[in-house]
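Below: one structure, written as structure tokens.
The values are calculated or read from the model by the stated rules, or taken from the named source; none is laboratory data. Keep in mind that this is a model prediction, so the values were computed, not measured. Here the Cβ positions follow ideal geometry from the backbone for every residue, glycine too, while neighbour counts run over all protein chains shown. Quick note on the areas: whole protein, heavy atoms, side chains included, nothing else; ligands and nucleic acids left out. Shrake-Rupley method; radii C 1.70, N 1.55, O 1.52, S 1.80 Å.
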Amino acid sequence: MRIEVLGLDKHFKNVHAVQDLSFTVEPGRVTGFLGPNGSGKSTTMRLMLGLDNGSGQTLFDGKKLTAHSPVTRTVGAHLDAKFFHPKRTAYSHLRMLGAEAGISKARVNEVLQLVGLESVAKKRPGGFSLGMGQRLGLAGAILAEPQVLMLDEPANGLDPQSIQWLRDFLKFYASTGKSVLVSSHLLSEMQLLADDVVVIARGKLIAAESMSKFLARASGSAVVVRAAEATRLGELLHNMGIESSANGLNTLTIPNQTTDRIGEVAYANGIKLSELSSQTASLETVFLELTDSGQEYRLGGEAK
Amino acid sequence: MMTAVVYEWRRLWSVRATWVMSVVYLGVTALLGGGPLYLGDTRMGVQTWKGLYSTNGNVLCLVMLSVVASQFFGHEYRYGLIRLTLSEFPARERVLVAKTSVLAAYVALMTFVGWSVLGMVGALAPKGSISTSGVGLNISGGQPSDMWQVLVFGFAYCVLAMSITMITRNLAMGVVLPLLTATLIEGLIQGFSSLSNGKLDWLVNALPFVNGNAWLGKAPDSPNAGLIFAAWIVGAYLIATLSFFKRDA
Ligand SMILES: Nc1ncnc2c1ncn2[C@@H]1O[C@H](COP(=O)(O)OP(=O)(O)OP(=O)(O)O)[C@@H](O)[C@H]1O
Ligand SMILES: [Mg+2]
């Protein structure tokens, strides 16, 4: 199912949290929804689901969410790891959520098993860890096998094995032709998962493109070399008008260059390199750059 | 529509608080109904069956039901569940209709079970403490109510509690505000009114529970009491509906 987000906009009292945001989420792919803390990811998801009032609209296969029935077979949302009553057992919680699509008890048990909560199914979730809460939230979202999964920071609080499991699960889910929208503030988390990215900062769209394109722009912004003659290399580069900074013993960091270019210079001057790598900027660094020179970046990107 | 009702019914009975408050309601009903029978309080004449069955129209019984009524929205807002509920049922009117119908069903169920408990209390009471003729005693004052009035009043009281929770998004408010109004605030206003030689009579005559109780006790001098009480309840419910539809979840 294809999701079209059209001109979403939302003001809180003092914050313009979401600003004329448009993008699409394609079926059969995992779309990472990226942005630093407070950039408006959660607000956007709430607007998409009609939970918050704002302007703009969201269409699911060309229709509003309310025009789909049953809704839970269309969209499954997991917005927060704490959205449950602390005294309602995990099993009863899912039974309740299964009402609209007429989910059987067997399916509830199946999903509990899938997310690894079968041993605590009849326990009250008040004492659940953050990771267990995430699993319960995910269970609720996938209960009716919806065409669209919308997950808000589902990896928070999960241990590495669980993150691996979640990644495999979401990739598999998308591979069956469904749409998956997952938010995160960590690029590293999304790199291995998402096929497409939608990036926002301060409520504005920064990029909406494939992950590989985005990574190409985020990385390569700095080259790291390690060489016995690092100082000589640094001087050579300086003479060519390329600035570098010494970064510990025998290591140079050279911003705004490619490994091809630096490798060439070293080879031409007979400098033996022990390491030549491009440094992938952290999402946070990219954001800092993008929000300062956001205009240029957006022009460079093929915003959908 | 049925699926939203099923959702709501499961929500209601899958937390222990509902069961606990329901049992407490029946306990208080039994105590309040049985008390006068055992104490032999005959100031207002001997209790009748009709009088006994109007016991659970009293606010002290209804406050237990109002805890459950406040939880209809109170738990949802407190634990963020409202966002799950509205993701599942994006049309808010469906959620409101489902909640209101399930609340009506719950109040009806509890009122009927309450009458069964009162029936048992009456059957076990000392001989001669219940008469089959005569007026009898309404614990809320005035004459014994008709049974349908007890049912309607109970529902109205719970709608008020639910509405206040919808507006304030605070569970405790839905319980405390109606209870304080009924048992304390209106009494104080009546007190001031009598001190001020009736200058505040217009206010007293407009108060929700003064009118509600006059209607329940069939006060002969307040023919519009039922209407005024209804206006308060409907007004609160309309404001609550508006606030539920217009605000962010
Ligand atoms: N209910 C609210 N009332 C007022 N301001 C709000 C509300 N919800 C969010 N905001 C503000 O809107 C902006 C976007 O918040 P939002 O929670 O959508 O960001 P986010 O990208 O999900 O952040 P995080 O990564 O921390 O989850 C923030 O500045 C936040 O303070
Ligand atoms: Mg968020």
Exercise. Of (1) within 17 Å of the chain's Cα centre (by Cα); (2) surrounded by fewer than 20 Cβ atoms within 10 Å (Cβ to Cβ); (3) within 14 Å of chain A (Cβ to nearest Cβ), B:Phe245 satisfies all except one. Which?
Worked result: (1)
For this session: Specify the residue that is most open to solvent (accessible area, probe 1.4 Å); the eligible residues are those in the range A:39-72 that are away from ligand 1 (no atom under 16 Å from the Cβ) and on the phi > 0 side of the Ramachandran plot.
Result: A:Asp61
Seminar exercise, completed: When A:Gly177 is run through (1) open to solvent by 10 Å² or more (accessible area, probe 1.4 Å); (2) within 16 Å of ligand 2 (Cβ to nearest atom); (3) under 25 Å from A:Glu4 (Cβ atoms), the failure sits at (2)
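Any residue at all in the range A:196-203 that is more than 16 Å from ligand 2 (Cβ to nearest atom) and in contact (Cβ under 8 Å) with a residue 12 or more places away in the chain?
Yes, there is a match, as at least one residue in the range A:196-203 is more than 16 Å from ligand 2 (Cβ to nearest atom) and in contact (Cβ under 8 Å) with a residue 12 or more places away in the chain.
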Seminar exercise, completed: Filtering the range A:103-127 for residues that are free of Cβ contacts under 8 Å to residues at least 12 places away in the same chain and either open to solvent by less than 50 Å² (accessible area, probe 1.4 Å) or within 14 Å of chain B (Cβ to nearest Cβ) (or both) leaves a count of 2
Exercise. Which condition number does A:Phe84 fail, the rest of (1) more than 16 Å from ligand 1 (Cβ to nearest atom); (2) more than 9 Å from chain B (Cβ to nearest Cβ); (3) in contact with a His (Cβ under 6 Å, 6 or more places away or on another chain) being met?
Worked result: (2)
For this session: Would you mind finding the one in B:Val152, B:Val107 that is under 19 Å from B:Val63 (Cα atoms), at pLDDT 95 or above, in contact with a helix residue (DSSP H, G or I) (Cβ under 6 Å, 6 or more places away or on another chain) and not in a loop (DSSP other than H, G, I, E, B)?
Result: B:Val107
For this session: Search the range A:39-57 for residues that are under 17 Å from B:Tyr77 (Cβ atoms) and pair each with any residue that is within 13 Å of ligand 2 (Cβ to nearest atom) and open to solvent by 40 Å² or more (accessible area, probe 1.4 Å) when their beta-carbon atoms are under 7 Å apart and the residues are at least 6 apart or on different chains.
Result: A:Leu51/B:Arg83
Exercise. Name the residues in the range A:87-98 that are open to solvent by less than 10 Å² (accessible area, probe 1.4 Å) and at the interface with another protein chain (Cβ under 7 Å from one of its Cβ atoms), would you?
Worked result: A:Arg88, A:Met96
Problem set entry | Flag for B:Val97 being more than 14 Å from every other protein chain (Cβ to nearest Cβ), more than 23 Å from B:Leu39 (Cβ to Cβ), hydrophobic (A, V, I, L, M, F, W, C) and in contact with a Cys (Cβ under 8 Å, 6 or more places away or on another chain) | no
Exercise. Only one residue in A:Pro27, A:Pro36 is closer than 21 Å to A:Met190 by Cα, within 16 Å of ligand 1 (Cβ to nearest atom) and either surrounded by 19 or more Cβ atoms within 10 Å (Cβ to Cβ) or not charged (D, E, K, R) (or both), so which one is that?
Worked result: A:Pro36
Seminar exercise, completed: Taking the range A:1-24 and keeping residues within 14 Å of another protein chain (Cβ to nearest Cβ), open to solvent by 40 Å² or more (accessible area, probe 1.4 Å) and either touching a Lys or Arg at 6+ places or on another chain (Cβ under 8 Å) or more than 15 Å from ligand 2 (Cβ to nearest atom) (or both) leaves A:His11, A:Lys13
